[in-house]
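Trainee: Starting off with a structure, shown below.
Only the coordinates and a few stated rules stand behind these numbers; no lab work does. Every value quoted in this text rests on a predicted model; they were computed, and no experiment measured them.
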Amino acid sequence: MGIILGILAGISVLLIWAALTRPKGIERPQADKDPRYRLKALRSVGFMAAAMEDLAAWFQGEQQDGSSWRGGLNDRYMKQLKQANWYWAPNEKEPPVPDARFWNLETLWAAKVFQALLFGLGGLLLAGALSALVGVPVVAPLVVAGIAAVVGFFDPDSDLAGKAEERRRQIILEMGTKVPEMRTYILSGVSLPDLLRRIIRGLTDRPGGPFVEELSRALQVYASTSSLPRGLELMIDRNQLCQPMVNLCGDMLSIVNEGGELGKVLDTHADMALHEQRRLLRQQGQENTQNMSLVVSGTTMVVIFLLTGGPALWVVLQSL
């Protein structure tokens, strides 16, 4: 009976929160008119969506500086969103990745809050049912629900960080082939804007990846504003977690603004790109070997248990 009362109390608190926050009239014009500010999962929740969005807004902390815990988190999340190519900027008509889990800080925090509530309620119901069957203390379901809520709250973080790291690696691997091509074109007398156009159009047999996508964005900015430095600054802003990209764009930006020989700069970055590419390939090989070793070890342990531990356990059970 106590478990049922606890579940009903938790649901009542959520309903009361929704009822109290709904009349406040928190302005969300962007959430009502622009899909980039609405979490997909919240569209099916109905009236509870407002309460969850209010909680997400509190966690997000509007206009928090970098010295606060929320400001620091938001700064890190924004860098990861841009590095993962999930960030849907206000001036973009379509999301860069339509099937992305979230597109900005608003939907990220909404996903964290929504998943925490979902995991917490699921853990409470499951642990409550088990508690009623085996007769464990009433506080156990509450502890399980709290742990499940924490896991759900931080699960989007790992998803976002993993995608950002995956795309960062792809950029580094692609730079190992594209930067030497850029050096070759520059040595043949091609200007920097024409160089970007040739790389983007794929005048080689290798297709373009995330590195070429970033170059394409820079060229689009140049075409609309006639400012190549603005495009390079955009590349730096979107790839702050990819240091080789930041270094390359920073040196190219210095050449464009202050002058210099771009060929010598690309000579250095071509060697560095090849070095980073080889280092990353070795690292991935070691990680693949380690993962395969874990799979082999786990499979071996299962086989050994089935061949030795299983019969022994069966004999013990028969003797009881």
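Trainee: With θ set to phi - 60° and the Karplus curve 6.51 cos²θ - 1.76 cosθ + 1.60, what are the ³J(HN,Hα) couplings of the range 257-263 in order, to the nearest whole Hz, using x for Gly and Pro?
Mentor: Karplus-based 3J(HN,Hα) across the range 257-263 equals 7, 10, x, x, 9, 5, x Hz.
Trainee: Another question, if that's okay. 5 Å is the cut-off here: which amide hydrogens, built 1.01 Å from N in the peptide plane, fall below it relative to F102, excluding neighbours closer than 5 in sequence?
Mentor: The list, which skips near neighbours in sequence, is empty: none.
Trainee: Let me ask something else about it. For the range 177-184, just list the computed ³J(HN,Hα) in residue order, Karplus coefficients 6.51, -1.76 and 1.60, θ = phi - 60°, integers in Hz, with x standing in for Gly and Pro.
Mentor: Karplus-based 3J(HN,Hα) across the range 177-184 equals 9, 7, 5, x, 5, 4, 4, 4 Hz.
Trainee: Also, quick follow-up: By how many nm would the segment from L118 to R217 grow when fully extended, if each residue of separation counts as 0.36 nm and the alpha-carbon distance is taken off?
Mentor: Stretched out fully, the L118 to R217 stretch lengthens by 31.8 nm.
Trainee: In addition: Could you work out, for the range 175-287, what percent of all Cα-Cα pairs fall into each 5 Å distance bin, beginning at 0 Å and stopping at the bin that holds the largest distance?
Mentor: Spelled out bin by bin, the range 175-287 gives 2, 12, 22, 27, 22, 10, 4, 2, 1, 0 percent.
Trainee: When the Karplus curve 6.51 cos²θ - 1.76 cosθ + 1.60 is applied with θ = phi - 60°, which whole-Hz ³J(HN,Hα) does each residue of the range 104-110 get, with x for Gly and Pro?
Mentor: Computed from phi, the couplings for the range 104-110 are 6, 5, 4, 6, 5, 5, 5 Hz.
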